[in-house]
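Each value in this text was obtained by applying a stated rule to the coordinates, not by laboratory testing. Bear in mind the structure is a predicted one, so any value in this text is a computation, not a measurement. In this analysis, Cβ positions are derived from the backbone assuming ideal geometry, glycine residues included, and neighbour counts consider all displayed protein chains.
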Amino acid sequence: MTKIAPSILSADFSKLGEEIKDVERGGAAYIHVDVMDGHFVPNITIGPLIVEAIRPVTALPLDVHLMIKNPDAYIPMFASAGADIITVHQETCPHLHRTLQLIKDQHVKAGVVINPATPAEMIKEVLPEVDLVLLMTVNPGFGGQSFIQSVIKKVEKINAWRKELGLSFEIEIDGGVNVNTAKLCTDAGADVLVAGSAVFNKEDRGQAIKAIMQAAQG
Ligand code: DX5
Ligand code: ZN
């Protein structure tokens with residue numbers, strides 16, 4: 001069964017707790033938390049304070065996507081705030097292996113993510129170290145952008161390497177996922193689909209999550 005990770009970036013922040021409970025009831029598998037610093041990406045969003053505030057609201061894993069420069073300086077803070085998975089961009093980590101170890105040292109699952117323009121080869125060496133590989137299907141920074149279909153070839157490549165190397169990390173897709181694009185992702189090997197606007201811009205979030213799951217199964 002495909003897992004759906006609603007991105008709270010598209011939620012109503014004036015009632016964030018309620019929004020999270022709503023998607024949890026609706027069948028979400030993870031809560032995807034988009035952390036942006038205004039440097040690596042042209043937007044500023046959530047910090048450890050919000051992660052700490054939403055931690056007691058849900059039993060679901062908090063899937064924290066760090067779109068920030070120098071993530072090493074903040075990983076311990078996000079871990080103690082209650083993150084269950086911390087994912088870092090290869091583009092921000094000159095010592096990626098060390099950064100992934102730092103995440104694991106906090107007893108948190110470690111993820112690595114690459115932008116649409118970054119080749120899969122850039123993370124091949126660290127695949128044995130990660131619990132999750134996140135592939136961006138938009139340029140990070142904003143919700144509601146359109147799906148970049150050429151990334152699908154990269155998803156297939158990562159999936160093939162996972163088999164070849166006998167690894168068991170999850171493959172997650174982020175950006176422009178909706179009922180029209182979900183199946184492209186799962187056919188290519190994705191296990192987890194992040195969906196922001198396709199969930200939170202709908203009145204009935206449970207229905208929206210189920211529709212994406214159904215579309216993903218084909
Ligand atoms: C993009 C974020 C995404 C975004 C997804 O920078 O990493 O998680 O919120 O939003 P949608 O699903 O609307 O593309
Ligand atoms: Zn994200």
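Things to note:
- FRET E, pair residue 25, residue 160, Förster distance 25 Å, beta-carbon r, rounded to 0.05: 0.10
- FRET efficiency, 1/(1 + (r/R0)^6) with R0 22 Å, evaluated for residue 39 and residue 146 via beta carbons: 0.35
- Inter-part distance where the range 16-61 and the range 90-132 are each reduced to a Cα centre, Å: 21 Å
- Once the gyration tensor of the Cα atoms in the range 1-105 is diagonalised, the equivalent ellipsoid follows with semi-axes of 24, 15, 13 Å, ordered largest first.
- Per-pair calculated FRET efficiency, R0 = 25 Å: residue 107 and residue 52 via Cβ, rounded to 0.05: 0.90
- Under-5 Å amide H pairs with residue 46, H placed in peptide plane, nonlocal only: 36
- Between the listed residues 208, 160, 10, the Cα displaced farthest toward the positive end of the dipole of the chain, a dipole computed from Cβ unit charges relative to the Cα centre, is found at 160.
- Environment charge at residue 139 (Cβ cut-off 15 Å; Lys +1, Arg +1, Asp -1, Glu -1): -2
- The Cβ shell under 15 Å around residue 25 holds other residues with a net charge of -1, Lys and Arg each +1, Asp and Glu each -1.
- Stokes-Einstein D (µm²/s) once Rh is taken as the Kirkwood radius of the chain over alpha-carbon pairs, at 37 °C in 0.692 mPa s: 193 µm²/s
- By the rule of a C-alpha distance below 19 Å, with chain neighbours fewer than 8 residues away ignored, the lysines paired with residue 154 are 124, 163, 183.
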